[in-house]
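> A single structure is presented below for examination.
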Amino acid sequence: YAGHDADMTYDVYEFQYEFLSIDNYEQNTIYAGLAYVFNYIEMPIIKVVVDMENRGICIDTKLAKELSTKYNNLLVQARQDFYKELEPYMDAIYEYNKSHNNVLSVPFNYGSPKQLSILLYDILKVDVVDKRNPRGTDANILEKLNTPICKAVLRCREYEKLINTYIDKIPTNLNQKTGRLHCRFNPTGTVTGRFSSSDPNLQNIPKFTKDVRKMFVASPGHVLISCDYSQQEPRILAHLSGDEHLQQAYRDGKDIYAWVASMVYNVPYEECKEFRPDGTKNPDGEKRRSTLKAIVLGIMYS
């Protein structure tokens, strides 16, 4: 079995050599572009990826402990708020349990989708807000229902996720020798060609709670820099397609997603941006831009 694995790997090597080896680049008329990417982009970056993984990142463990205390207290309060909102319905819950073989636990388990569904749709008899999922308990459905109980459940879920996924979890993943957090970076981890990271995923740190991001700190004598390409994919699209309107929008300094949104919604460009000219937040503009961003990128990736 082990010998067969090695033989098959060598067969793949011989097949790929003709197309991917830089030695055959001049004669390669079929996969010249692929060979260029492989030799001049993918292979050289492996050294960078290994260095990133080995170096790791520093975590402020003192702050992590403080955040753990803070958010565990918030979770306790959120749970108390939930059970306080539940009190007026305890008799109804008791009656429902009597006729349905005690399907609801005591105390009530808001973490169970089945139990929460029974509470909302059979006991509280809330209106269905999603016809495709008429008894759903997902976050978007709870937000639409917008009842005090739903709000309390959402707060509990938010704090539990922050605690279990980040605040209490990350410090346990620190390497005992380096004292740093090391993850795996995957250059081919997504179908769109972007990097992904895992064990743990450092590209999924929540931005809505800045406390978690404060846990990541620079080494002494160093600084952390946050940067991002500005609308990288649409810029490439403008170049490759040669579309004059798209290129002109970039020349004019337009935000492409807001620019497309203004045409789709037939509203002024400024009303499709996240912020108004005076710097104030523009929720409607942010929603329009966000929607069109998803559509534009979805079309490009499809």
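The values are calculated or read from the model by the stated rules, or taken from the named source; none is laboratory data. Since the model is a prediction, treat every value here as computed from it, not as a measurement. With ideal geometry, Cβ positions are generated from the backbone for all residues, glycine too; neighbour counts draw on all protein chains shown. For the accessible areas, the whole protein counts, side chains as well, though only heavy atoms, and no ligand, DNA or RNA atoms are used. Shrake-Rupley method; radii C 1.70, N 1.55, O 1.52, S 1.80 Å.
> Here are some residues: Ile225, Ile236. Which one is closer than 30 Å to Lys210 by Cα and β-branched (Val, Ile, Thr)?
Ile225
> Can Phe82 be described as open to solvent by less than 50 Å² (accessible area, probe 1.4 Å) and either within 24 Å of Ile163 (Cα to Cα) or at pLDDT below 95 (or both)?
It is true that Phe82 is open to solvent by less than 50 Å² (accessible area, probe 1.4 Å) and either within 24 Å of Ile163 (Cα to Cα) or at pLDDT below 95 (or both).
> Which of (1) over 15 Å from Val212 (Cβ atoms); (2) within 25 Å of the chain's Cα centre (by Cα); (3) surrounded by 14 or more Cβ atoms within 10 Å (Cβ to Cβ) does Ser68 not meet, given it meets every other one?
Single failed check for Ser68: (1).
> Quick check, is Leu63 modelled with pLDDT of 95 or more, open to solvent by less than 80 Å² (accessible area, probe 1.4 Å) and either among the hydroxyl-bearing types (Ser, Thr, Tyr) or under 17 Å from Arg155 (Cβ atoms) (or both)?
So Leu63 fails the test.
> Moving to a separate point now. On the basis of being within 26 Å of Asp211 (Cα to Cα), part of a helix (DSSP H, G or I), at pLDDT 90 or above and open to solvent by 80 Å² or more (accessible area, probe 1.4 Å), does Asn164 make the cut?
Yes: the conditions hold for Asn164.
> Also, I was wondering about something else. Go over the candidates Val106, Val129 one by one and state the one that is under 20 Å from Gln80 (Cα atoms) and either open to solvent by 30 Å² or more (accessible area, probe 1.4 Å) or touching a strand residue (DSSP E or B) at 6+ places or on another chain (Cβ under 7 Å) (or both).
Val106
> Could you check Ala218 against (1) over 24 Å from Tyr301 (Cα atoms); (2) open to solvent by 60 Å² or more (accessible area, probe 1.4 Å) and say which number it fails?
Unmet for Ala218, out of (1) over 24 Å from Tyr301 (Cα atoms); (2) open to solvent by 60 Å² or more (accessible area, probe 1.4 Å): (2).
> If you don't mind, there's one more thing I want to ask. Give the residue, chosen from Tyr10, Tyr17, that is exposed (fewer than 14 other Cβ atoms within 10 Å of the Cβ), aromatic (Phe, Trp, Tyr) and under 30 Å from Ser198 (Cα atoms).
Tyr10
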